[in-house]
Structure formats: structure tokens, C-alpha cells
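Taking it in order: structure first as C-alpha cells, then the write-up.
The values are calculated or read from the model by the stated rules, or taken from the named source; none is laboratory data. Computed from a prediction, not measured in an experiment: that's the story for all the values here. Glycine gets a Cβ as well: all are built from the backbone with ideal geometry, and neighbour counts include every protein chain shown. Side chains are part of the model used for accessible areas, which takes the heavy atoms of the whole protein and leaves out ligands, DNA and RNA. Shrake-Rupley method; radii C 1.70, N 1.55, O 1.52, S 1.80 Å.
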Amino acid sequence: MQKFSAQIKKSGKTIALVPTMGYLHEGHISLVRIAQKVCDATIVSIFVNPAQFGPSEDLNSYPRDLEKDCALLKKEGVETIFTPTPKELYPAGYQTYVNALHLSEHLCGISRPALFKGVTTVLTKLFNIVSPNKAVFGKKDFQQFVIVCQMIKDLNFNIEIIGAPIVREADGLAMSSRNAYLKKNQRKPALSLYKALKQSEQLVKKGEKRAETIIGAALKLINSFDETLIDYISICNLETFEEVKIIDCPVLMALAVKVGKTRLIDNIILSP
Ligand code: AMP
């Protein structure tokens, strides 16, 4: 891959990387289309990264379908798919990790302490292997997007990070590979994440500024379903993820909820 991307660059072409864990959906494809617009060559990586899963998380059951992914990408005109194996990226004796200290201590980092260290480590490796000019990330994983931007700055990567909007199903559910886990009767409870975010947006539109009130209403809505278990609902600073009490500038409202065994995340920007 390193040799191949050096050849591409030698021929004067630019490279955009779209890192994914596969089981691709329209959300991933939207990133691919952005990559194709901003650079000459698009490289999609598919790697279910063991380093970002905790011991009790879904590494083994994470959905995989490389054949279908390749067919989808081929249809989009993507010529290069990078699919390293865990042994290739983390051979025996592997010991170097990259960690964004403070940003990864909030939101998803609280209940998933391995997550962002694994993400920043694998992205460092992918950036060094693929050497892209640009890399595209979805804002569905807003915390990840901010952490990647910080890492680029902190570690002097000469890569432009592009953030892409959240792609949703027709009913509003944010697209996710993990939606494949949802049983038919879990669809409605899963939708409560989006409904809670839209409800919050409406409350802010009507003049509500108190984060506590907005979070309270979201809790009530999501808890009205038996199958939901809230991990967190946070209204916080867009850059630091510190909680805010009063919404007097654009803030991030982010939430993580388990529906049955499936952990879902979603977010929205609330602007007064
Ligand atoms: P994943 O395969 O879940 O690790 O996601 C790979 C990339 O796709 C990440 O940058 C995600 O933020 C992005 N992504 C996943 N789902 C969506 C979505 N519904 N809308 C936009 N981007 C997404």
C-alpha cells in the first residue's frame, strides 16, 4: 500500500482516504463521494480495528461482508480498497499507541475507555501507510471527528480532514453498520434517539436555554421505551466537550443509548 500510494503521488495525483470498518451503507458512500470530488484518487480502508473494542464489546460479532462492500465500492468507481488484517497492523510485539488525552475522556470515552486510543492509533498507522492528502470522516461520530482534527494538529500530519454530515434513513434513524443488529420491534425504540434530538431542537427554537430542561425531556422520551438503556445524554461545548448549563451559542447535543444489546449514538448541533 505504501509503495502503491507513493506511485499515485509520483504521477502528480492527490489521494483522499476514507477509513471504515466495513459493512458499508449510504453514510459511508456519502464520504466516498466527497473524497472523489476533492482528490484524484480515492482509497477506502476496511478494517475492523481490534484496538478500539473493549473486552466485553462486539468485536467478534461486528457485521462483516467484504464481498458486498467491494461490489458497492466498485459501483461507485472506487478502484482501491485497503483491507489489512489485524495481524498485519498489530503483529506480535506491537507496543506503540497514540492517545488524545482530554478529548477522549468525555462522552463515548467514559463507557468505552479503549475506543479513542484505538481509533487514533489505527488512524496514525493508516495515515502513515496510505499517506493521503485528505481524509473524510462522518460527523455521526462527532467526537471522533474532533479528536482526529486535534491529532492532525498535535502530531503535524500534513492531511486535511473533511467532516461530512450525518446520513439518515427515511425515518430519521442515523445510518450505522450496527443497525443490522436491530430486531424488528427495536426499530421504534431506536428512533427515540433522533426524536429526542429533534425535540431538543424544537425546545431551543422556542427559546429554552437550560440544558437540564432539554436533557430532562430527552430522558423522558427515550426512557418511555422498555428496550432502551441510556448511556449518556450530553449538551456540551463543540470543541472541548465540557458540559454547558445554558445554551447561548451553538453547542453539541450528543447521546448514546443501548437498544437491547445494540449501542447507538447520534448527535445534533443546537443553536440558540
Ligand atoms: P465506521 O465504519 O462505523 O467506523 O464508520 C466509518 C466512517 O463513516 C466514519 O467516519 C463515520 O463517522 C462515517 N459514518 C458512519 N455512519 C455515518 C452516517 N450515518 N452518516 C455519515 N457518516 C457516517
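Listed here are the residues, each with its yes/no results for (1) within 15 Å of the ligand (Cβ to nearest atom); (2) in a helix (DSSP H, G or I).
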residue: Leu59; (1), (2): yes, no
residue: Leu72; (1), (2): yes, yes
residue: Ile81; (1), (2): yes, no
residue: Gly93; (1), (2): no, no
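Looking only at segment 145-189, count every residue that is open to solvent by less than 40 Å² (accessible area, probe 1.4 Å) and at positive phi and tell me the total.
1
With respect to Ile230, is the statement that it is part of a strand (DSSP E or B), farther than 20 Å from Phe116 by Cβ and hydrophobic (A, V, I, L, M, F, W, C) true?
Judged against the criteria, Ile230 is a match.
Which numbered condition trips up Glu201, out of (1) more than 27 Å from Ile34 (Cβ to Cβ); (2) in a helix (DSSP H, G or I)?
It is condition (1) that Glu201 fails.
Out of Arg64, Arg33, which single residue is among the basic types (Lys, Arg), at pLDDT 95 or above, under 20 Å from Ser176 (Cα atoms) and assigned to a loop (DSSP other than H, G, I, E, B)?
Testing whether each residue is among the basic types (Lys, Arg), at pLDDT 95 or above, under 20 Å from Ser176 (Cα atoms) and assigned to a loop (DSSP other than H, G, I, E, B) leaves just Arg64.
What about Asn133, is it of a type outside the set (A, V, I, L, M, F, W, C), touching a strand residue (DSSP E or B) at 6+ places or on another chain (Cβ under 6 Å) and at pLDDT 95 or above?
yes
For every residue, the table says whether it meets (1) under 19 Å from the mean Cα position of the chain (by Cα); (2) farther than 24 Å from Asn158 by Cβ; (3) of a type outside the set (Ser, Thr, Tyr); (4) open to solvent by 80 Å² or more (accessible area, probe 1.4 Å).
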{"position": "Gln7", "(1), (2), (3), (4)": "no, no, yes, yes"}
{"position": "Val18", "(1), (2), (3), (4)": "yes, no, yes, no"}
{"position": "Gly27", "(1), (2), (3), (4)": "yes, yes, yes, no"}
{"position": "Ala35", "(1), (2), (3), (4)": "yes, no, yes, no"}
{"position": "Cys39", "(1), (2), (3), (4)": "no, no, yes, no"}
{"position": "Pro55", "(1), (2), (3), (4)": "no, yes, yes, yes"}
{"position": "Asp58", "(1), (2), (3), (4)": "yes, yes, yes, no"}
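Which one of these is in a loop (DSSP other than H, G, I, E, B) and either outside the structural domain of Glu57 (by TED's automatic domain parsing) or over 29 Å from Leu101 (Cα atoms) (or both): Leu238, Leu255?
After applying the criteria, what remains is Leu238.
Of all helices (runs of 4 or more DSSP H) completely enclosed by segment 98-169, which ones contain at least 2 residues that are in contact (Cβ under 8 Å) with a residue 24 or more places away in the chain and over 18 Å from Ile46 (Cα atoms)?
So the answer is 108-111, 142-154.
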